[in-house]
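The values are calculated or read from the model by the stated rules, or taken from the named source; none is laboratory data. If you're wondering where the values come from, they're calculated on a predicted model, not measured in any experiment. Heads up, the Cβs are rebuilt from the backbone with ideal geometry, glycines too, and the neighbour counts pull from every protein chain shown. The protein model used for the area step is the full one, side chains on, heavy atoms only, and it has no ligands, DNA or RNA in it. Shrake-Rupley method; radii C 1.70, N 1.55, O 1.52, S 1.80 Å.
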Amino acid sequence: MPARPLPTPPPLPPERALAEAVAARVGAARYGIWFAGHAKFVALGGEVVVVARNQHSQEWLEHTFGTAVREATVQVHGPGTRVRWVADPESFSEPGTGDRGSGIGSAPMPVPTPAVAKSAPLEKAERPRVLPIPDPRSPIPASQTDLFGDPVAAAKPRAKRAEPEVVAVSKAGRRWKLLGEFVVGACNRVAHASALSVVEDPGEGGNPLVIHGPVGTGKTHLLEGIYAGLKRRPNERPCYTTAEEFTTRFVAASQHGKMSAFRRQFRECSTLLLDDLHFLATKKATQAEFLHTFDALVADGRQVVVTTDCHPRLADELMPELVDRLLGGAVWSLQPPDPETRLEILRKKATGANPMVPDAVLKTLASSLRGNVRELEGAVNSVKHYAKVTGRPVDQSVVREALGDLLRHAVRTVSVADVDASVCAVLRLGSGTLQSKSRAWAVTHPRMVAIYLCRKHTAATYGEVSKHFGAKTHSTAVAAEKKVRAWIEKDASVTIGDRSWRVKELIDRIERELQR
């Protein structure tokens, strides 16, 4: 008798089909990191609603993967289907729901009625009932965690992995900053993208990754974000530590004869994240131990990420071997925020503020303040506190009263040309002197001081500074900055023309001229 035809498999639910289409475009690994557990797809006839866990997740996902989601929507639901992004924490508040709700291979997600989905979170009745599980958001006592933030107490019922927005609580209940919370701008875009690449493919990009910059520009935020991102991945065992903690543990292990245990702690991790490398500047033995740890990890294909306050070439007190290793990876700088980034930072810090801070006030602060991220955050907090204790709404007059001293001392934006002009004015040099090719000390010494001040007071790169002063490569600016730093540390004097100047005094005069 003729064979019966095989039954046609039932079509995939629309949400499942859309999830698979998105994963096919962004890659299954990236989908598992950024979508699974953090977003849900809800098909409502002529539109698809992407429900994110919170506002930060919504903005990040829409900015990064918006194009892929729109293309997948057209493929699954046809042209003309609109994509709408919303944030709805309530849809993820139940234990066991939303954890992998839109991931490939998960159960189909229940579809709410259009009337509910348009303006309200999913009803609890629509969610599958599950047995309660321990809350992974509860802080783990410091005595029960090891260096990696993993519990070491007696066996207990296995808890669900911490969700990314509540993340990675370890080491005395610390809450780790997330890459999705980082405000990206022209001053930090490359460093942020490098941090994301480490989370997605640790050990496959620049290794080591070195992030350097002034205080308050986001180095620690990026390092914590990498740690939090890696902790969400199965089989990853990242180790986050500061250079000071590394030194303390190294000294204690040396004194108590426990070097083997110390080395296992740092060399058995999947990724080593070290903050404030410059702390090791005068500690030769600790530098040597870190160098051996570094070599062991990189040789095994594991990622190393460090932050420091200056470019490795300028770190005179680091071992040449260590500097050489750092330069063999990817080295990216973080600069003080530009006006557009300052405004976005202020908006982020003022979100949900009570009392509310109007956008006009934030724009005024962004144009007036040129400090780092902590200064901007402090300004918002000061304005909110002042308005609250005085019982007045936040307006321009409240800002002037609350931040009078800060606004008066805010330094105006300085350009390379401003520094050039100020150096020439203080030393009574003709315009264009510093851009000449003269090798006389009367020109080269002022030029080196000008390059140092350009790096200190402007956001110009080494290449831009070198180009302004007529050099062919950026190495000229690097060497000049290094030379002036050495003069300052030794409190040296230099001869310019017929006068001998203390370098510190000369720089102070030029900086006062810059502020005029």
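Semi-axes of the equivalent ellipsoid of the stretch 439-516: what are they in whole Å, largest first, if each equals the square root of 5 times a C-alpha gyration tensor eigenvalue?
20, 15, 12
Rg and Dmax, both from the Cα atoms of the stretch 250-383 and both in Å, are 20.7, 61. Return the whole-Å distance between the Cα centroid of the stretch 248-320 and the Cα centroid of the stretch 26-90. That distance is 41 Å.
Solvent exposure of the stretch 389-507, expressed per residue, is 55 Å² of accessible area, with all protein chains present and a 1.4 angstrom probe.
All alpha carbon pair distances within the stretch 303-370 were sorted into 10 Å bins beginning at 0; the resulting P(r) in whole percents reads 17, 31, 18, 21, 12, 1. Placing a label point 7 Å from the Cα of S197 along the Cα-to-Cβ direction, the residues of the stretch 312-348 with a backbone N closer than 15 Å are 328-333.
Over the stretch 387-496, the reciprocal of the mean inverse Cα-Cα separation, the Kirkwood hydrodynamic radius, stands at 16.1 Å.
Ignoring ligands, DNA and RNA, what percent of the 1.4 Å accessible area of the stretch 329-470 is carbon and sulfur?
Working: 3860 of 7200 Å².
On the stretch 329-470, the fraction of accessible area on carbon and sulfur atoms equals 54 percent.
Surface analysis of the stretch 282-368 yields an accessible area of 44 Å² per residue, using protein heavy atoms and a 1.4 Å probe.
Residues whose amide H lies under 5 Å from that of A492, counting only those 5 or more places away or on a different chain, are V503; hydrogens are built 1.01 Å from N in the peptide plane. Across the stretch 229-294, Cα pairs under 8 Å and at least six residues apart give a relative contact order of 40 percent. Less than 5 angstrom separates the built amide H of R370 from those of V411, all sequence-distant by 5 or more or on a different chain.
Below 8 Å between Cα atoms, with a sequence gap of 6+, how large is the relative contact order for the stretch 429-498 in percent?
Working: 66 pairs, mean separation 24.6, N = 70.
Normalised by residue count, the contact order of the stretch 429-498 is 35 percent.
Treating r as the C-beta distance of D359 and S415 and R0 as 30 Å, the FRET efficiency rounds to 0.60. The peptide list 446-457, 365-376, put in order of mean Cβ contacts within 10 Å with the highest first, becomes 446-457, 365-376.
Relative intensity of the stretch 320-433 on a log10 scale, I(q)/I(0) at q = 0.12, 0.14, 0.15 Å⁻¹, equals -0.60, -0.70, -0.74, per a Debye sum over C-alpha point scatterers of equal strength in the absence of solvent. Across all C-alpha atoms in the stretch 182-254, the radius of gyration and Dmax reach 13.8, 44 Å. The simple Förster model, with R0 at 60 Å and r as the Cβ-Cβ distance, assigns R502 and R84 a FRET efficiency of 0.40.
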